[in-house]
Structure formats: C-alpha cells, structure tokens
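Report on the following structure.
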Amino acid sequence: MKALPPCRYGLLLLLLLVGLAGCVEPYAPDVINAPPNLLVVEGFINADGPTAIR
C-alpha cells in the first residue's frame with residue numbers, strides 16, 4: 001500500500017475537523033424555579049429502582 005503525500009494528510013485532517021465540528025448542537029436546559037439554598041452533597045440515580053439523594 002502506498003503512503004499518502006503530506007498535503008493529503010492535511011486535507012484529510014481538515015475534512016475530519018470540519019465534519020466533527022458540524023455535529024455539535026448547543027444545549028440550553030430549562031430554568032428550574034427553586035430556592036437557591038439547596039445543596040446536593042451525594043446522589044445516586046438508579047434507572048431500575050429508587051433514587052437516593054442526600
């Protein structure tokens with residue numbers, strides 16, 4: 001198998017970076033109206049049963 005010339009590596013890298021940058025969508029979560037004095041110290045989210053947050 002023949003190796004690619006150095007200019008081809010730059011083109012492939014540029015295409016890869018442009019392709020990856022196009023896949024990002026910004027996420028803007030909804031604002032929760034809650035008292036600002038809550039602090040979660042420890043939490044465990046269990047999809048199959050109860051969730052514990054202390």
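Observations on the structure shown:
- Segment residue 27-residue 12, extension gain: residue separation times 0.36 nm, minus the distance between their alpha carbons: 2.5 nm
- Peptides 10-19, 26-35 ranked from most to least packed by the mean count of surrounding Cβ atoms within 10 Å: 10-19, 26-35.
All of the numbers you see were taken from the coordinates with simple rules; none came from a lab. These numbers were taken from a predicted model, which means no experiment stands behind them. Note: ideal-geometry Cβ built from the backbone for every residue, glycine included; neighbour counts use all protein chains shown.
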